[in-house]
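The values are calculated or read from the model by the stated rules, or taken from the named source; none is laboratory data. Keep in mind that this is a model prediction, so the values were computed, not measured. Reconstructed Cβ throughout: ideal geometry from the backbone, glycine too, with neighbour counts over all protein chains shown.
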Amino acid sequence: MFRFPIWAIKQVIEHAEAEYYSPEAIRRELSQRQYMLENKEITPEEYRVHEQRLFERLMAGQERGIEK
């Protein structure tokens, strides 16, 4: 009785993780941060922090086998 809902929840989680760790999503976010830096919405230090987090997220995605 509860198998389908659990299966569906797992599918949603897997899809969300694949999107979060996808290189394309990470590139979009990095591009947004670059725009913010150029428009002085964030400092260079804030940009570097975001850049490092995005790099770590990219590496974690690769470890999980997410490469699309």
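So, of the residues in the range 1-26 that are within 13 Å of the chain's Cα centre (by Cα) and aromatic (Phe, Trp, Tyr), which turns out to be surrounded by the most Cβ atoms within 10 Å (Cβ to Cβ)?
The residue in question is Tyr21.
Picking from Glu41, Glu29, which residue would you name as being exposed (fewer than 13 other Cβ atoms within 10 Å of the Cβ), among the charged types (D, E, K, R) and either assigned to a helix (DSSP H, G or I) or out of contact with any strand residue (DSSP E or B) (no Cβ under 6 Å at 6 or more places or on another chain) (or both)?
The conditions single out Glu41.
For the range 19-50, which positions are among the small types (Gly, Ala, Ser) and either in contact (Cβ under 8 Å) with a residue 40 or more places away in the chain or more than 17 Å from Arg64 (Cβ to Cβ) (or both)?
Ser22, Ser31
Does Ile42 meet the test of being over 10 Å from the mean Cα position of the chain (by Cα) and at pLDDT 95 or above?
Yes, satisfied.
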